[in-house]
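K.L.:
Structure below; questions to follow.
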Amino acid sequence: MDASWRCTLSLTPEQRLEVLNLLNRTEVQLGREAIDEGRRRTVVHRWPGEHWLEYRDGSLIGYALLSGSDRATIEMCGGGFDQQLLDAVLLTHPEVDWWTRDANPVKSGAVIRTLQFLRVALPVPVTDVPAGSTLRNFEPQRDEDRWLEQNNAAFANHPEQGAWLLHDLAERTQEPWFDPSGFLLLEIDGRLAASCWTKVHELHPDRFGEIYVVSVHPDFQGRSLGRVMVTQGLAALRKKGVATAVLFVDESNAEAKRLYESLGFRVEREDHLVRFNRRTMNQPAGLRQT
């Protein structure tokens, strides 16, 4: 029997377990995350969403999650592409952005964003904090509002990081992996100037670390605080016995890339966000960069 895609706005308990099993099997097979962390959380917590399920002979063989009210964005388990699924999605969405991982081939659409996945071996040289500043750990129930202000100001023009709300932060600080000892804050003259939030992937066979979020408030940029916070974050990961660390960076962010390359980070893979439009799908065109 041919495989077929079905859509549901809420996973049943049985579907949730099926999807989680598929994600876990895919991660073992690929040796990396099967889907974006935020989308996995949607499955784990059984939150509403546009869930697409592919079955063959009664067995789940594919999963994708479409999210976003202003802009429809979709990702498949494994980071691949499926034309049948795209056709089904475009029946109800005139335009959709599709994340492809590991340079999975797509023959149409326009690449509108490229994320690079970087890795570095630890330790790296650590840059000291500036004289008169204070480096400390994030304190739950005390630092939420200050961190949101600092981080959102730093990422004012960023598509994901610049509009965090309190509930976005609370969701993550309540996850089992959250450890405030890996969430570093830098204070200068009584203000929160910069931060570096790290994460240890405890369940991964390689147990690697990640620079999860790093940012400098615009009022304090130009003082090399990015290097300070990244190297302090890597040092915190090293103290936990981590041998390698990773991070994601926009391919277009030349300044951040120069910093990471100077610390020894190297590109391990590239992920692409590809835009498809219902009006142009029937027009022959190759994959375009924008």
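The values are calculated or read from the model by the stated rules, or taken from the named source; none is laboratory data. Remember, predicted model here, so these are calculated numbers, not experimental data. Cβ coordinates were reconstructed from backbone atoms using ideal geometry, including for glycine residues, and neighbour counts include every protein chain displayed.
K.L.:
Can you go through Glu210, Glu202 and tell me which one is among the charged types (D, E, K, R), under 20 Å from Tyr260 (Cα atoms) and either in the same structural domain as His158 (by TED's automatic domain parsing) or in contact with a Leu (Cβ under 6 Å, 6 or more places away or on another chain) (or both)?
P.N.:
Only one candidate qualifies: Glu210.
K.L.:
Let me ask you something else. Would you be able to tell me the number of residues in the range 108-145 that are out of contact with any strand residue (DSSP E or B) (no Cβ under 9 Å at 6 or more places or on another chain) and not in a loop (DSSP other than H, G, I, E, B)?
P.N.:
Total satisfying the criteria: 2.
K.L.:
Moving on to the next point. Considering only the range 167-180, how many residues are more than 19 Å from Val216 (Cα to Cα), in contact (Cβ under 8 Å) with a residue 12 or more places away in the chain and part of a helix (DSSP H, G or I)?
P.N.:
Residues flagged as more than 19 Å from Val216 (Cα to Cα), in contact (Cβ under 8 Å) with a residue 12 or more places away in the chain and part of a helix (DSSP H, G or I) within the range 167-180 amount to 3.
K.L.:
Among the residues of the range 246-285, which ones are under 19 Å from Leu90 (Cβ atoms), part of a helix (DSSP H, G or I) and at pLDDT 95 or above?
P.N.:
none
K.L.:
Give me the residue from the range 94-107 that is part of a loop (DSSP other than H, G, I, E, B) and in contact (Cβ under 8 Å) with a residue 60 or more places away in the chain and, out of that set, surrounded by the most Cβ atoms within 10 Å (Cβ to Cβ).
P.N.:
Arg101
K.L.:
Here is a further query. Quick check: anything in the range 146-161 of a type outside the set (Val, Ile, Thr), part of a loop (DSSP other than H, G, I, E, B) and either under 16 Å from Trp197 (Cα atoms) or in contact with an Asp or Glu (Cβ under 6 Å, 6 or more places away or on another chain) (or both)?
P.N.:
Yes, the range 146-161 has at least one match.
K.L.:
Pull up the range 5-23, narrow it to residues that are of a type in the set (A, V, I, L, M) and not in a helix (DSSP H, G or I), then point me to the one that is surrounded by the most Cβ atoms within 10 Å (Cβ to Cβ).
P.N.:
Residue satisfying both the conditions and the ranking: Leu11.
K.L.:
With respect to Phe248, is the statement that it is surrounded by fewer than 17 Cβ atoms within 10 Å (Cβ to Cβ), outside the structural domain of Arg32 (by TED's automatic domain parsing) and of a type in the set (Phe, Trp, Tyr) true?
P.N.:
Taking the combined requirement at face value, the residue satisfies it.
K.L.:
Do we find that Phe265 is in the same structural domain as Val96 (by TED's automatic domain parsing) and either β-branched (Val, Ile, Thr) or surrounded by 20 or more Cβ atoms within 10 Å (Cβ to Cβ) (or both) in this structure?
P.N.:
When the stated conditions are applied, Phe265 does not pass them.
K.L.:
Still on this structure, please answer the following. Anything in the range 48-73 that is exposed (fewer than 14 other Cβ atoms within 10 Å of the Cβ), of a type outside the set (Asp, Glu) and part of a loop (DSSP other than H, G, I, E, B)? List them, or say none.
P.N.:
If the condition is that a residue be exposed (fewer than 14 other Cβ atoms within 10 Å of the Cβ), of a type outside the set (Asp, Glu) and part of a loop (DSSP other than H, G, I, E, B), then Pro48, Gly58, Gly68, Ser69, Arg71 are the ones that fit.
K.L.:
Against the condition part of a helix (DSSP H, G or I), touching a Gly at 6+ places or on another chain (Cβ under 9 Å), more than 22 Å from Phe208 (Cα to Cα) and touching a residue at least 24 places away in the same chain (Cβ under 8 Å), how does Thr26 come out, does it pass?
P.N.:
Considered against the rule, which asks whether it is part of a helix (DSSP H, G or I), touching a Gly at 6+ places or on another chain (Cβ under 9 Å), more than 22 Å from Phe208 (Cα to Cα) and touching a residue at least 24 places away in the same chain (Cβ under 8 Å), Thr26 comes out as no.
K.L.:
I need the full set of residues from the range 203-220 which are under 17 Å from the mean Cα position of the chain (by Cα) and in a loop (DSSP other than H, G, I, E, B), in order please.
P.N.:
His204, Phe208
K.L.:
Quick test for you: out of Ala153, Ala103, pick the one residue that is of a type in the set (A, V, I, L, M), closer than 24 Å to Ser252 by Cβ and either over 21 Å from the mean Cα position of the chain (by Cα) or in the same structural domain as Leu225 (by TED's automatic domain parsing) (or both).
P.N.:
On inspection, the qualifying residue turns out to be Ala153.
K.L.:
Tally time: how many residues in the range 37-62 are in contact with a Phe, Trp or Tyr (Cβ under 7 Å, 6 or more places away or on another chain) and either closer than 25 Å to Arg113 by Cα or in the same structural domain as Lys199 (by TED's automatic domain parsing) (or both)?
P.N.:
Total satisfying the criteria: 1.
K.L.:
Out of the residues in the range 29-47 that are assigned to a loop (DSSP other than H, G, I, E, B) and out of contact with any Gly (no Cβ under 7 Å at 6 or more places or on another chain), which is surrounded by the most Cβ atoms within 10 Å (Cβ to Cβ)?
P.N.:
Once the filter is applied, the top-ranked residue is Ile35.
K.L.:
If Ala88 satisfies all but one of (1) within 15 Å of Leu22 (Cβ to Cβ); (2) at pLDDT 95 or above, what's the number of the condition it fails?
P.N.:
The failed condition is (1).
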